[in-house]
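Here's the structure we're looking at; comments come further down.
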Amino acid sequence: MSVSEVLSADRGHLLTEQVNPLSSCLDELPTDQLVDLFCRNDLEPQRAVAAAAPQLTTAVDAIAARLSAGGRLFYLGAGTSGRLGVLDAAECPPTFCSDPSLVQGVLAGGAPALLRSSEGLEDLREAGRADLEAAGFSAADCLVGIAAGGTTPYVLGGLDHACQLGALAIAMACVPAEQAPMPCEIDIRLLTGPELLTGSTRLKAGTATKMALNILSTGVMVRLGKVHGNRMVDVAVTNSKLEDRALRILADLAGVERQQGRQLLTQADGSVKLALLMAAGGLDAATARDRLVRHGPSLRQVLATCGLSLPGR
């Protein structure tokens, strides 16, 4: 079969391309019924993500192990799938104060494709590999290849490359594996069913993908020690909203008033985790930083090792 025949193959059997009988008269529905139909159907992404919990669990632990050893996490996709990967990657530095290179989103067509559709680029299988090579992707890294229908050549090419290198290759799709096999070590299938607007995978498939990526990145960062309890203690204090959040974390966990919290944050160069350790042990910034380096990165682990505790309010 030629390349053109492969690319033009009938994909009607794919779960994401099938017709949803619930919306056969979508254009005839009164608006309130249309909205209600979407609300009821949008429960499916939650069920789909819950059903993939075992694979998500495996992926979180495997990614965290790679990142702890110096690797990085890459999301690769085209169209909506790629944009969702870029979005999740972009949120990691402000939320977890992670290096921007630690979690990266690679989108077919690059930055211009974020604002303007460039769907034709997803048909270029070699482009997936080339874009990863340009980003310096290596055997130490992790790749999450995202393709709602599981057949995107750009993503399949990237996953092939990851497998050949010995990197961690994770596939994420919204069709059963038997409909669209993908080269990978961990196979995450989010079976959201046919879309209300036939084939529009920015709907349920996109919602489930966003939910799954939220779990992956947040779970990995928890495992990397960037969370204490349910607080983002590595949050980057870069604007007034985030400063307020940091001060409330210090108040709630260490029992310090806002003015003292500001002083601690200044001495800690904006690090909430460092400020918390300083407050817990009455430490200066240099001593607290040394203990974080020696016993971290988990604040809970540092506190336990040093025989300290956070009093809270």
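The values are calculated or read from the model by the stated rules, or taken from the named source; none is laboratory data. Every value quoted in this text rests on a predicted model; they were computed, and no experiment measured them. Quick reminder, even Gly has a Cβ in these numbers, built from the backbone with ideal geometry, and neighbours come from all protein chains shown.
Listed by position, the helices (runs of 4 or more DSSP H) contained in the range 198-313 that have at least 3 residues being in contact with a His (Cβ under 7 Å, 6 or more places away or on another chain) are 299-305. Residues that are of a type in the set (Asp, Glu) and part of a loop (DSSP other than H, G, I, E, B) were ranked within the range 175-197; the one that is farthest from Glu17 (Cα to Cα) is Glu185. From the list Ala251, Ala205, Ala288, the lone residue that is of a type in the set (A, V, I, L, M, F, W, C), more than 29 Å from Ala65 (Cα to Cα), out of contact with any strand residue (DSSP E or B) (no Cβ under 7 Å at 6 or more places or on another chain) and modelled with pLDDT of 95 or more is Ala251. Checked against the criterion of being touching a strand residue (DSSP E or B) at 6+ places or on another chain (Cβ under 8 Å) and outside the structural domain of Gly85 (by TED's automatic domain parsing), the range 255-266 contains not a single residue that satisfies it. Selection of the range 235-256 for residues being of a type in the set (Val, Ile, Thr) and either in contact (Cβ under 8 Å) with a residue 60 or more places away in the chain or loosely packed, with under 14 Cβ neighbours inside 10 Å (or both) yields Val235, Thr238. Output the residues belonging to the range 168-200 that are in contact (Cβ under 8 Å) with a residue 40 or more places away in the chain and aliphatic (A, V, I, L, M). Those that are in contact (Cβ under 8 Å) with a residue 40 or more places away in the chain and aliphatic (A, V, I, L, M): Leu168, Ile170, Met172, Val175, Ala180, Ile186, Ile188, Leu190, Leu191, Leu196, Leu197. Against the numbered list (1) crowded, with 21+ Cβ neighbours inside 10 Å; (2) under 22 Å from Gly219 (Cβ atoms), Ala69 comes up short only at (1).
The set of residues from the range 98-129 being charged (D, E, K, R), free of Cβ contacts under 8 Å to residues at least 60 places away in the same chain and over 25 Å from Gly71 (Cα atoms) comprises Arg116, Glu119, Glu122.
Residues that are in contact with a helix residue (DSSP H, G or I) (Cβ under 8 Å, 6 or more places away or on another chain), assigned to a loop (DSSP other than H, G, I, E, B) and more than 10 Å from Phe74 (Cβ to Cβ) do occur in the range 159-174, at least one of them.
In the set Cys142, Cys184, only one residue is touching a helix residue (DSSP H, G or I) at 6+ places or on another chain (Cβ under 9 Å), surrounded by 24 or more Cβ atoms within 10 Å (Cβ to Cβ) and either more than 20 Å from Ala111 (Cα to Cα) or outside the structural domain of Gly12 (by TED's automatic domain parsing) (or both); that residue is Cys142.
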